[in-house]
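Okay, so here's the structure we're looking at.
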Amino acid sequence: MKIVGINGSPRKKGNTQALLKVAMESSKLDDMKLIHLVDYKILPCDGCGACWKTKKCPINDDLEKVLNELVSSDAIILGSPVYYGTVSAQMKAFIDRSGELLGARNYPLKGKIGGALSVARRWGHITTWTGLLLYLLDMRLIVPGTGWSSATAQKPNQVMKDKEGVERAKELGESMGRLCKILFKKS
């Protein structure tokens, strides 16, 4: 079974990536892929509405590459640092564009397992985390209840010192892995 992590941080080896890795490894799923949105050109949605008519986005960028990975997965975990109380610009562009396009395509992620993590320096943990969860729920994913999956880090590579945040990430990964094994038994 495959879990895909989406790192919304502009820092590929930052705190968000570290926490995503903890959760993904704790899932104990055999196929793991971590996607760093900063490696992809994903432009903001311009609200044209074409996707609802054609099932395609007229913006020519890398969004389809990321969507193909998500559609081929069993579980998806989103992670974002907090930027002014909400998700990063990279994650916001991804959510806005993919949300409209996947909705127009009749929600192909429906029934997959979803999870979300946020990392903040001081504040905004919960608003960021709930923004990610709202996207997952709107895309019809199944989200296990594991408490607030967020952590605090004031400097690069400091997130692992937040013991409670790391424990919540582990719990999220474990719950996602168990749910996958229950729902998607593959022979």
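All of the numbers you see were taken from the coordinates with simple rules; none came from a lab. These numbers come from a predicted model, not from an experiment. In this analysis, Cβ positions are derived from the backbone assuming ideal geometry, glycine residues included, and neighbour counts consider all displayed protein chains.
Data for the structure
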{"read-out": "The chain: antiparallel DSSP beta bridges as a percent of all, rounded to 5", "value": "5"}
{"read-out": "Neighbourhood net charge (11 Å Cβ-Cβ; Lys/Arg +1, Asp/Glu -1) for residue 107", "value": "+3"}
{"read-out": "Longest to shortest principal axis, alpha-carbon extents of the range 2-183, angstrom", "value": "48, 38, 24"}
{"read-out": "Calculated from backbone phi, Karplus (6.51, -1.76, 1.60) coupling profile of the range 90-106 in Hz, x at Gly/Pro", "value": "4, 5, 4, 4, 4, 4, 4, 6, 5, x, 5, 5, 5, x, 5, 8, 6"}
{"read-out": "Separation between Cα centres of the range 41-109 and the range 128-187, rounded to whole Å", "value": "19"}
{"read-out": "Dipole in debye (nearest 20) - the chain, about Cα centre, beta carbon charges: Lys, Arg +1; Asp, Glu -1", "value": "180"}
{"read-out": "Restricting the range 77-127 to chymotrypsin sites (Phe, Trp or Tyr not before Pro) in coil, as DSSP defines it, with at most 16 other Cβ within 10 Å", "value": "84, 123"}
{"read-out": "Summed side-chain charge close to residue 85 - residues other than residue 85 whose Cβ falls under 14 Å, Lys, Arg +1, Asp, Glu -1", "value": "+3"}
{"read-out": "Long-range amide H partners of residue 117 with built H, under 5 Å", "value": "78, 79, 80"}
{"read-out": "Positive-pole candidate from 172, 59, 124, dipole of the range 2-183, charges at beta carbon", "value": "124"}
{"read-out": "Over 30 Å (Cα to Cα) - which of 12/112; 12/161; 155/185; 33/55; 65/170; 2/55 fall in this group", "value": "155/185"}
{"read-out": "Phi to ³J(HN,Hα) by Karplus 6.51 cos²θ - 1.76 cosθ + 1.60 over the range 152-169, Hz, x for Gly, Pro", "value": "10, 8, 8, 9, x, 6, 9, 4, 5, 7, 7, 4, 5, x, 5, 5, 5, 5"}
{"read-out": "Loop trypsin sites (Lys or Arg not before Pro), the range 135-187 (other Cβ atoms within 10 Å of the site Cβ: 16 or fewer; DSSP)", "value": "140, 185, 186"}
